[in-house]
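The values are calculated or read from the model by the stated rules, or taken from the named source; none is laboratory data. Quick caveat: nothing in here was measured; it's all calculated off a predicted structure. Methodologically, a virtual Cβ is constructed for each residue, glycine included, from the backbone with ideal geometry; neighbour enumeration extends over all protein chains shown. Each accessible area value is taken on the protein alone, full model and side chains, heavy atoms only, with ligands, DNA and RNA left out. Shrake-Rupley method; radii C 1.70, N 1.55, O 1.52, S 1.80 Å.
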Amino acid sequence: MISNDPPITPELVAAHGLTPDEYERIVALIGRPPSFTELGIFSAMWNEHCSYKSSKIHLRTLPTRAPWVIQGPGENAGVIDIGDGLAAVFKMESHNHPSYIEPYQGAATGVGGILRDVFTMGARPIACLNALSFGDPENPKTRRLVAGVVAGIGGYGNSFGVPTVGGEMRFHRRYDGNCLVNAMAVGIAETDRIFSAKADGVGMPVVYLGSKTGRDGIHGATMASAEFGADAEEKRPTVQVGDPFAEKLLLEACLEIMAKDCVIAIQDMGAAGLTCSAVEMGAKGGLGVALDLDKVPCREPGMSAYEMMLSESQERMLMVLKPEKEKEAEAIFRKWGLDFAVVGETIAAKRFLVRHGGGVMADLPIKELGDEAPVYHRPFTEPAGKPVIDPASLAPPIGLADALEKLVGAPDLCSKRWVFEQYDHVILGNTVQRPGGDAAVVRVNEGPKALALTADVTPRYCEADPFEGGKQAVAEAYRNLSAVGARPLALTDNLNFGNPERPEIMGQLVGCIRGVGAASRALDFPVVSGNVSLYNETNGQAILPTPTIGGVGLLEDFTRSMTLAFKAAGEAILLIGATQGWLGQSLYLREICGREEGAPPPVDLAAERRNGEFVRALIRDGLVTAAHDVSDGGLLVAIAEMAMASGLGAELDAPAAVAAHAFWFGEDQARYVVTAKNAYVVTRRANAAAVPLTRLGATGGEGLALAGERAPRIDDLRARFEGWLPAYMAAPA
């Protein structure tokens, strides 16, 4: 099309992440070889990050509907009805590859991108969460990655003015070459003021809004759909640079023009930038889009059409506006100091036309750019089953008290206060429960309603048995919400896996999706949004399969939310749920016995639902004073966390039916610890509901007293629990 375009060679095609077969498909689709700009557009639209070509057929099996679901997958974020004319809008996305290359900006722009997904729907963000996975603490890169990612999350969220209220962080050598940064945002909107990306009407102005376009982030989406190799550091230019203050202005300007009824359609310029946003708006509305790149605000001179179409510069939006509202919308954006430019229009022909410098740089069928992306039925292999570990065959190497002290100070179980204290988790004034509990609780406006929010997954379970691991990730989120008294309503997922072209990795993805789907159906906990992040591996070493689940639940009265801390001495400590002493894939097995093996605990979804509903009823009726779900580390770790949160100890006893180390550290599912002033009433209700209940002892004292064991002092446990991460981060590099 123009003489200075490079020739389209097999090497150039491969550099754009397209296979020879995919390139031939493009040529057949448009009836000619593509221009350089068109090749870039196809590369952006057909990469894994945007097209879901390896996962789409499996994602379609997930349950996405419920009476309270307003918008499921397919828009910028999911939307659920929370009553009183209000909706919760939320989604989780990954920024894994950028965060490994440039930790601060990679994590910061991950937060910025997910916030835009939420306010693009017409919602004001009220909370952020994150789920972080890093490599072995002994790896020389890990400490730098942790420091940069945490600073980036805090730097963006704090400056934008949204509280970061929860999340999780783990360490494992399998993340050495590919850390994971999953960001979740939640907002509130009016149910009759939800906005979509569907363009409507011919001749409507397509308007560019926000910050100027630069050369940062070019090929960001393509880079996110490729494995890392020795050249990872050279990909630093593909990482975007964020400006949270510009994003705050963009939020206010967008919400203002939405309130003024100016908007027909709106789309965040996220992955693949101007290309993806324009194509999606037109295709969803059954319309074409014509763009004039000469009108795009640029911050760098001499940018080509290729660069403008693929730039992933941050804090940008694309809108289709009502023509009669154009001047009003422009005045609002100018007031907020943001760029506003009419860069195109919707057209009747279902084409994607891109003009620049007097020439047509791209002329493509708009629907086919997305609809004709390849969909792969990739072969997959089911992982071999792992043996069940018999607790009786596993001699405990150290005593219970010593094991507890070691576990609470282990990297995965220790306090993450060093992380969350770098985040502003109380800005906006609605945070009811702060980080450190089972789920965050954030008041909706002035109350009394509140949302409970969590993010969770157990990758070691998913590696050992993807189906059970997928089920457990959903069940864990369900328990976290139930433990604070919230009714779980819906979830968003972030499916992080390695190279799907390897059958064993594809088997992990398929198995986890099946597990997530089974649990979502059984728990009436639909999937309303999400993200798939594949090719998370370096030099052939894949991450652990990590299908992160972000859960949202509803509390009718925030003043009745439950915390995990013991409240007073002399209260009964009760275990809800059955215990077999499951040690396979447990942290006790890994941290104390030095073994990573065995089958993970099975997840009985009927028991999860029954026990969760029972716990929520106890909280609602004021029959318990504290509640905590039992997960990583098992029962004794859960009790220790309750004790450390309060400074109050406990006297404990275990039934003789299960070996002591398996009873206290096994990771059986569907369990909660609660405390009660009247154990008789709770026991009677448990018997009536056929819910297993075991009395473990009573609160009181300065330590955790176990029959036949020394009693570790709460202060000593807390010192170990709080000490590891600050000491690790303060150590010399």
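When ranked by the protection proxy of mean other Cβ atoms within 10 Å per residue, highest first, what sequence do the peptides 59-69, 466-476 form?
In decreasing order of mean packing, 59-69, 466-476 become 466-476, 59-69.
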Problem set entry | Extension reserve of the Arg334-Ala688 stretch, reckoned as 0.36 nm per residue once the Cα distance is removed | 121.0 nm
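Under a 1.4 Å probe, what is the accessible area of the chain per residue, stated in Å²? Mind dumping the intermediate values first?
Working: 24710 Å² over 733 residues.
It amounts to 34 Å² per residue over the chain.
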Exercise. What spacing in nm lies between the two simple spin-label points modelled at Asp715 and Asp84, each 7 Å away from Cα in the Cβ direction?
Worked result: 4.4 nm
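Just to verify a number: FRET efficiency for Ile398 and Val241, C-beta to C-beta distance, R0 = 45 Å, to 0.05?
Numbers: r = 49 Å, r/R0 = 1.09.
Between Ile398 and Val241 the formula returns 0.35.
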Seminar exercise, completed: By the C-alpha gyration tensor axes a ≥ b ≥ c (rounded if a/c is under 1.5, else prolate when a/b exceeds b/c, else oblate), the shape of region 361-451 is oblate
Seminar exercise, completed: Note on region 335-491: alpha-carbon gyration tensor, axes a ≥ b ≥ c; rule is a/c under 1.5 for rounded, else prolate if a/b larger than b/c, else oblate; result oblate
Exercise. Once region 403-511 is represented by equal point scatterers at the alpha-carbon sites, with solvent omitted, what log10 I(q)/I(0) does the Debye formula produce at q = 0.14, 0.20 Å⁻¹?
Worked result: -0.76, -1.14
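How much of the accessible area of the chain, in percent, comes from carbon and sulfur atoms when a 1.4 Å probe is used? All intermediate terms of the calculation are to be shown ahead of the outcome.
Numbers: 12770 of 24710 Å².
Carbon plus sulfur share of accessible area: 52 percent.
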Exercise. Under 11 Å from the 7 Å Cα→Cβ point of Asp21, by amide nitrogen: which residues of region 375-392?
Worked result: 375-379
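I need the calculated FRET efficiency for the pair Lys677 and Asp192, taking r as the beta carbon distance and R₀ as 45 Å, to the nearest 0.05.
Details: r = 45 Å, r/R0 = 1.00.
In this case the efficiency is close to 0.50.
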For this session: Calculate, axis by axis, the spread of Cα positions in region 585-733 along the three principal axes, and write the results as whole Å, longest axis first.
Result: 56, 37, 31
For this session: With a 10 Å radius around each residue's Cβ, average the other Cβ atoms per peptide and rank 541-549, 322-330, highest first.
Result: 541-549, 322-330
Exercise. Between rounded, prolate and oblate, where does region 237-349 land on the alpha carbon gyration tensor, with a ≥ b ≥ c its root eigenvalues, rounded for a/c under 1.5, else prolate if a/b exceeds b/c?
Worked result: oblate
Seminar exercise, completed: Ranked output for segments 248-261, 4-17 by mean other Cβ atoms within 10 Å, highest leading, reads 248-261, 4-17
Exercise. In vacuo Debye scattering of the chain, one point per C-alpha: log10 I(q)/I(0) at q = 0.05, 0.09, 0.12 Å⁻¹?
Worked result: -0.24, -0.77, -1.30
